[in-house]
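Supplied in structure tokens, the structure appears directly below.
Read-outs: derived from the displayed coordinates by stated rules, not from any lab. Since we're looking at a predicted model, the values are computed, not measured. Note: ideal-geometry Cβ built from the backbone for every residue, glycine included; neighbour counts use all protein chains shown.
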2 protein chains.
Amino acid sequence: MTSSVTHDEVVAAAGRIAGVAVRTPLVRSDALDALTGARVWLKAENLQRTGSFKFRGAYNRLSAIAADQRGAGVVAFSSGNHAQGVALAARLLGMPATIVMPSDAPSIKVERTRGHGAEVVFYDRLTEDRDAIATAIAAGRGAVVVPPFNDRHVIAGQGTAGLEAVSDLAAMGVAADLALVCCGGGGLASGFAVGSQLPVTAVEPQNWDDVTRSLAGDAIVPVTDPQPTRCDALQTLRMSELTFATLRSHGAVGHVVSEAEVARAVAFAFRELKLVVEPGGSVALAAALAGRIDLAGKTVLVVLSGGNVEAGVFAACLAEAG
Amino acid sequence: MTSSVTHDEVVAAAGRIAGVAVRTPLVRSDALDALTGARVWLKAENLQRTGSFKFRGAYNRLSAIAADQRGAGVVAFSSGNHAQGVALAARLLGMPATIVMPSDAPSIKVERTRGHGAEVVFYDRLTEDRDAIATAIAAGRGAVVVPPFNDRHVIAGQGTAGLEAVSDLAAMGVAADLALVCCGGGGLASGFAVGSQLPVTAVEPQNWDDVTRSLAGDAIVPVTDPQPTRCDALQTLRMSELTFATLRSHGAVGHVVSEAEVARAVAFAFRELKLVVEPGGSVALAAALAGRIDLAGKTVLVVLSGGNVEAGVFAACLAEAG
């Protein structure tokens, strides 16, 4: 049986990323508190290096590779944010990086991955198996494959966001009651549950609710009928044994938001928070705003997980939300 | 002769706003450092309450009004950000507020000012004197007029941003060489010079370069041929004796950026910083990016002074910058 990632693993990760990753600020908003009836603190991981939390897990994973094995480099498959995190971590640690990306990934994410010095190899999301492509490339070079969420070091690294958030709240004399966390494969949500030791609600976009359904039942349920979503960062078909075990052992539950609720959250962050949040990075905020979770009277941590969004998509969200 | 605002006045202001204003974060960007050759720290005042630094000065001014005089309320004239700052400060201190705004002020700023419970009175920017209107309203009620920059308490309040920035840098073992500060009437720029004790470059949009020309000469020079600008927050025709005296005694100089450079800075903040910055709030960043000030090898503080921008204007800046 797969065992949950531990708090000690998150604490060790925090030591490795200290001074390299940004200790992102907690921000709050009078308007958000008024709308929710809660005291909401937003962990602004869109202000993390590479524009998302993914740098935390990537740097923690890569720094765990022994110095004499770094020369062969790393290979990752990713729709974008994990790719950038791995690419920057590799550059900082002096390692070559190859990223296997879907051919329909947002161009901003492709450009940025290359900008960090990584080689990009494309695959077709509908007909090819990115896992097999990455494994084959890595085998040919003796490189290490860095999965986006099915890895203890990656999850522990993401968990440092939770550790920081509760520590920064404690310094203000505040204790949160729960956390709302954006969720694709569950790497951030599971790490956050471990690092924060808070009840976590993992928030997914509609039609990509595999984690919500898996946690509601007793086994991993994959997405079988994938639909288009503006949350490109959260298009994960199946969570892993590790994220499932970790989320379940911490009593996490899932929650689903609509595409329209996502657009409203992106617009709210623009208008009220003055933060650029990508659609996939705004689902937890969308859940807080949508009002189906009763937050009244509670102190709530909400993660804004990334800000890598193309200008056209961003403008469309603002226009749709009015 | 008008005497400069003092460091003691800024320190006193910091005590009054503590726990009420946001101690805004300093953010940095690998991309910005690479482009400038400098170590740049951005003071993110767009994350301040009401979306701009103006809350600092407004709260400091209003809290200096004796308790038995607060019932008559305050009157302010403002193109928007100062209005919101005064409106929120008045609400927090239980005072009625009336704001005299130009009839062409961005609707987002009008709505927000009303949202903080203030009464809004419009005037025509081209034919009416806002000063006279505000003075007449205040005289009829026994209210206090809160000017946007010609006031020691207002300037001292804005200066707390500079005090915080150098203090937060010092805690990281960093000392800045200079600061680039957005400038309309000079309230923030002069306060920042006092609070930070750094050489300040006050940055203005083209055609609104009265501070640049005044500091280059030896007397206040007004804008005589005002032109349209997307920097609505910086449309000030004439700095005050107080901001002039304070900036001059601190050796500040002016600098001008073009409308195209402003659009590029707004787009850079969107793409690289994940921050929403309004055109007027991005002029200091625009100066850093434009490259006419030699920043190579220096440690530079850059103020992002506000984020209250309408979606259409923001989208237009992103589109123009490509």
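If the convex hull of the alpha-carbon atoms of the protein assembly as shown is projected onto planes in all directions, what is the mean projected area in square nanometres? Mind dumping the intermediate values first?
On the way: hull surface 111.2 nm².
Orientation-averaged projected area of the Cα hull: 27.8 nm².
Please work out, to two decimal places, the log10 of the ratio I(q)/I(0) at q = 0.07, 0.12, 0.14, 0.16 Å⁻¹ from a Debye calculation in which every Cα of chain B carries one identical scatterer.
Relative scattering, expressed as log10 I(q)/I(0), comes to -0.24, -0.73, -1.02, -1.37.
What list do you get for B:Thr127, A:Thr236 if you sort them by fewest beta carbons within 10 Å?
B:Thr127, A:Thr236
Given +1 on the Cβ of Lys and Arg, -1 on the Cβ of Asp and Glu, and no further charges, what dipole in debye does the protein assembly as shown carry about its Cα centre, rounded to the nearest 20? Write out the running numbers ahead of the final one.
Details: 54 positive and 62 negative charges, 199 e Å.
Charge dipole of the protein assembly as shown: 960 debye, to the nearest 20.
Sorted from shortest, what are the nm distances separating the label point of A:Asp104 from equivalent points in the other copies, each placed 7 Å from Cα along Cα to C-beta?
Between copies, matching label points for A:Asp104 lie 4.6 nm apart.
Shortest first, in nm, what separates the label point of A:Gly173 from those of the same position in the other copies (7 Å along Cα→Cβ)?
3.3
Let me ask you something else. FRET efficiency for A:Thr135 and A:Leu92, Cβ-Cβ distance as r, R0 = 25 Å, nearest 0.05? Walk me through the numbers on the way to the answer.
On the way: r = 25 Å, r/R0 = 0.99.
With R0 = 25 Å, the Cβ-Cβ based efficiency is 0.50.
Expected output is a single nm value to one decimal: the length gained when fully extending between A:Asp294 and A:Ala216, i.e. 0.36 nm times separation in residues minus the C-alpha distance. What is it?
Separation in residues times 0.36 nm, less the Cα-Cα distance, equals 26.2 nm.
How many Cβ atoms of partner chains, on average, are near each residue of A:40-50 if near means within 10 Å of its Cβ?
Values: counts 0, 0, 0, 0, 5, 1, 3, 8, 1, 3, 1.
That average works out to 2.
Right, here's the next one. What size of dipole, in debye to the nearest 20, comes out for the stretch A:55-146 about its Cα centre when the only charges are +1 on Lys and Arg C-beta atoms and -1 on Asp and Glu C-beta atoms? Walk me through the numbers on the way to the answer.
On the way: 10 positive and 8 negative charges, 75 e Å.
That gives the stretch A:55-146 a dipole magnitude of about 360 debye.
Separate question: Going by how many other beta carbons lie within 10 Å of each one, how would you line up A:Val166, A:Val302, A:Val121, fewest first? Please list the in-between numbers first.
Details: A:Val166 20, A:Val302 34, A:Val121 15.
So the residues, fewest neighbours to most, are A:Val121, A:Val166, A:Val302.
If one computes the Cα centroid of the stretch A:308-322 and of the stretch B:80-106, what distance in Å separates the two points?
About 29 Å separates the Cα centre of the stretch A:308-322 from the one of the stretch B:80-106.
Pick from B:Arg292, B:Arg152, B:Arg264 the residue whose mean-square fluctuation is largest in a GNM of chain B, springs joining Cα atoms under 10 Å.
Among B:Arg292, B:Arg152, B:Arg264, the largest GNM mean-square fluctuation belongs to B:Arg292.
Report the calculated FRET efficiency for A:Asp8 and A:Val174 (r = Cβ-Cβ distance, R0 = 25 Å), to the nearest 0.05. Before the final figure, lay out each step's value.
On the way: r = 25 Å, r/R0 = 0.98.
Result of the calculation: an efficiency of 0.55.
From the label point of B:Thr224, set 7 Å from Cα along Cα→Cβ, how far away are the matching label points in the other copies, in nm, ordered shortest to longest?
Counterpart label points of B:Thr224 in the remaining copies fall at 7.9 nm.
Evaluate the stretch A:55-146: find the radius of gyration of its Cα atoms, find its Kirkwood radius, and give the ratio Rg to Rh. Let's see the in-between values first.
Working: Rg = 12.1 Å, Rh = 12.8 Å.
Radius of gyration relative to Kirkwood radius: 0.95.
Report the calculated FRET efficiency for B:Glu310 and A:Ser107 (r = Cβ-Cβ distance, R0 = 25 Å), to the nearest 0.05.
On the way: r = 27 Å, r/R0 = 1.07.
Once the sixth-power term is evaluated, E becomes 0.40.
What ranking do B:Glu204, A:Glu241, B:Glu259 get, fewest neighbouring Cβ atoms within 10 angstrom at the top?
Working: B:Glu204 28, A:Glu241 11, B:Glu259 19.
Exposure proxy ranking, most exposed first: A:Glu241, B:Glu259, B:Glu204.
So, one more: Pop out the ³J(HN,Hα) list for the stretch A:224-232 in order, Karplus 6.51 cos²θ - 1.76 cosθ + 1.60 with θ = phi - 60°, rounded to Hz; leave Gly and Pro as x.
Taking θ as phi minus 60°, the curve returns 10, 10, x, 10, x, 9, 7, 8, 4 Hz for the stretch A:224-232.
So, one more: Taking the Cα of B:Asp225, stepping 7 Å toward and past its beta carbon, and measuring to each backbone N in the stretch B:188-213: which are under 20 Å?
B:204-213
Let me ask something else about it. If you count, for every residue in B:16-24, the Cβ atoms of partner chains within 10 Å of its Cβ, what is the mean? Before the final figure, lay out each step's value.
Details: counts 0, 0, 0, 0, 0, 0, 3, 1, 2.
For peptide B:16-24, the averaged partner shielding equals 1.
Sticking with this structure for a sec: Could you tally up the Lys pairs in chain B with alpha carbons closer than 19 Å? Skip any pair fewer than 8 positions apart unless they're on separate chains.
Here the count comes out as 4.
I'd like the distance between the alpha-carbon centres of the stretch B:197-261 and the stretch A:209-256, rounded to an integer number of Å.
So the separation of the two Cα centres works out to 55 Å.
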